[in-house]
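The values are calculated or read from the model by the stated rules, or taken from the named source; none is laboratory data. Predicted, not measured: the structure shown is a model, and the values here were computed from it. Cβ atoms come from the backbone with ideal geometry, glycine included; neighbour counts cover every protein chain shown. Just so you know, the surface numbers come from the protein's heavy atoms only, side chains and all, with ligands and any DNA or RNA stripped out. Shrake-Rupley method; radii C 1.70, N 1.55, O 1.52, S 1.80 Å.
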Amino acid sequence: MSERQRATTPGSAGVLDTPAATPAAPPGRTRKRARRPLRARLARDWPLLAMTAPAAALLLVFHYLPTLGNVIAFQDYNPFIGDDPIDAFLHSEWIGFGNFEALFRDPLFWGAVRNTLTITAFQLVFFFPLPILLAILLNSLISGRVRGFVQSVVYLPHFFSWVLVVTFFVQMLGGAGLLAQQMRQGGLEPWNVMTNPDGFIVLVTAEAVWKDLGWGAIVFLAALAAINPNLYEAAAADGAGRWRRLWHITLPGLRPVIVLLLIMRLGDALSVGFEQFILQRDAVGRNAAEVLDTFVYYQAIVTQQWGLGAAAGLFKAAVGLALILTANHVAHRLGEQGVYSRT
């Protein structure tokens, strides 16, 4: 038998000449990758850490540290006891859920909650779909110059303050505004737009649309850019028209983003804004313009009932968390990822 045959014949002495097989790892044990030391990782990633440090510091100072102050929701907090806020916290009386009981017995609180939820539901129906439609329209524009010009025009109002936005609407739709003057010159009675409590919900929605429509379309434009254009070409080759491509390609591509933003909007259902409503509260009355944020300002901050305001903030946070968890669970049941995915 030749040397080659002896080396390849099972059971022969030639098997000693072949490389030894790598022993298998014990079942249930995985090989861990060697991890770099902390100093090496810091030396590698310090530019990224330095870039994110200011944002992390702002988040810590203005979001996480103030969260500790929610404990005064269970106190009859008096900031004038002691020499500093910590001393006032230590000497304030603990009253348990007394602030929550006073809050839930107040009819003004439930009126503010009702107005807030009504405005949120109205804007979900009549405002939330508009950025999606705008993004689809902008994405369909062939000319890049026209698209850039339209985007710049519709983005610009987002950077205006609410004072400027409300002033603009007053100058256009107010009793002495442009529309009222033109109607008087035509012999017509001007419409009561800015001071009509019955139409206030439409007014604030129109102001929000004018201010944030273009800005809200940015996320959907990014989602549209991520859709593979070959899908549109293949569908067009198969005879699918524009509407069928929109229904079967565009909207399914936008669906994860739509679900995510809808869940986040539901979690923020009790926050519809503060400046926009406090600027117009006196014009239309408290019954129409009182939302939860303005209620906290007038009933807690102005009257210095700090524990009551903290209780209202905790209530808003608890409701928002419950809505996010519920909506995210429904998204999972429908096959969407939602805000977070289950492992």
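When the range 128-151 is filtered for residues that are touching a helix residue (DSSP H, G or I) at 6+ places or on another chain (Cβ under 9 Å) and over 23 Å from I249 (Cα atoms), the ones remaining, listed by number, are V150, Q151.
Is it the case, given these coordinates, that G187 is open to solvent by less than 20 Å² (accessible area, probe 1.4 Å), modelled with pLDDT under 90 and more than 31 Å from the chain's Cα centre (by Cα)?
Working: open to solvent by less than 20 Å² (accessible area, probe 1.4 Å): no; modelled with pLDDT under 90: yes; more than 31 Å from the chain's Cα centre (by Cα): yes.
So G187 fails the test.
Scanning the range 94-107 for residues that are part of a helix (DSSP H, G or I) and open to solvent by 60 Å² or more (accessible area, probe 1.4 Å) turns up E101, F104, P107. Tell me yes or no: at least one residue of the range 238-246 is of a type in the set (A, V, I, L, M, F, W, C) and assigned to a helix (DSSP H, G or I). Scanning the range 238-246 turns up at least one residue that is of a type in the set (A, V, I, L, M, F, W, C) and assigned to a helix (DSSP H, G or I). The residues listed here are P252, P256; of these, the one that is within 22 Å of Q337 (Cα to Cα), open to solvent by 60 Å² or more (accessible area, probe 1.4 Å), in a helix (DSSP H, G or I) and out of contact with any helix residue (DSSP H, G or I) (no Cβ under 6 Å at 6 or more places or on another chain) is P256. Check off (1) closer than 30 Å to P256 by Cβ; (2) in a helix (DSSP H, G or I) for I72 and give me the number that stays unchecked. The failed condition is (1).
So which helices (runs of 4 or more DSSP H) are wholly in the range 264-343 and hold at least 1 residues that are open to solvent by 30 Å² or more (accessible area, probe 1.4 Å) and closer than 18 Å to F200 by Cα? Can you show your working first?
Working: elements: 275-278, 281-284, 286-289, 292-296, 306-333.
Passing ranges, in order: 275-278, 281-284, 286-289, 292-296.
In the range 126-162, the residue that is farthest from the chain's Cα centre (by Cα) out of those that are under 14 Å from A225 (Cβ atoms) and in a helix (DSSP H, G or I) is G144.
Beta carbons closer than 7 Å, at least 6 apart along the sequence or on distinct chains, pair a first residue in the range 61-89 that is of a type in the set (S, T, N, Q) with a second that is part of a helix (DSSP H, G or I) for N70/A310; N70/G313; N70/L314; Q75/G307; N78/A88.
For D198, are the conditions met, namely being open to solvent by 50 Å² or more (accessible area, probe 1.4 Å) and acidic (D, E)?
On the way: open to solvent by 50 Å² or more (accessible area, probe 1.4 Å): yes; acidic (D, E): yes.
Answer is yes for this residue.
Taking the range 118-127, which residues are open to solvent by 80 Å² or more (accessible area, probe 1.4 Å) and touching a residue at least 60 places away in the same chain (Cβ under 8 Å)? Of everything in the range 118-127, just one residue is open to solvent by 80 Å² or more (accessible area, probe 1.4 Å) and touching a residue at least 60 places away in the same chain (Cβ under 8 Å), namely F126.
Among residues that are among the acidic types (D, E) and either over 30 Å from M264 (Cβ atoms) or open to solvent by less than 40 Å² (accessible area, probe 1.4 Å) (or both), D212 is not included.
What number of residues in the range 83-132 are among the aromatic types (F, W, Y) and under 25 Å from V259 (Cα atoms)? Can you show your working first?
First, pick out the residues of the range 83-132 that are among the aromatic types (F, W, Y): 89, 94, 97, 100, 104, 109-110, 122, 126-128.
Retained after the next criterion (residues that are under 25 Å from V259 (Cα atoms)): 122, 126-128.
Number of matching residues: 4.
Taken over the range 186-209, the criterion of being outside any loop (DSSP other than H, G, I, E, B) and closer than 11 Å to G175 by Cα is satisfied by no residue. Say we look at the range 71-90 and pick out the residues that are among the β-branched types (V, I, T) and under 19 Å from L314 (Cβ atoms); which of these is surrounded by the most Cβ atoms within 10 Å (Cβ to Cβ)? Only one residue tops the list, namely I72.
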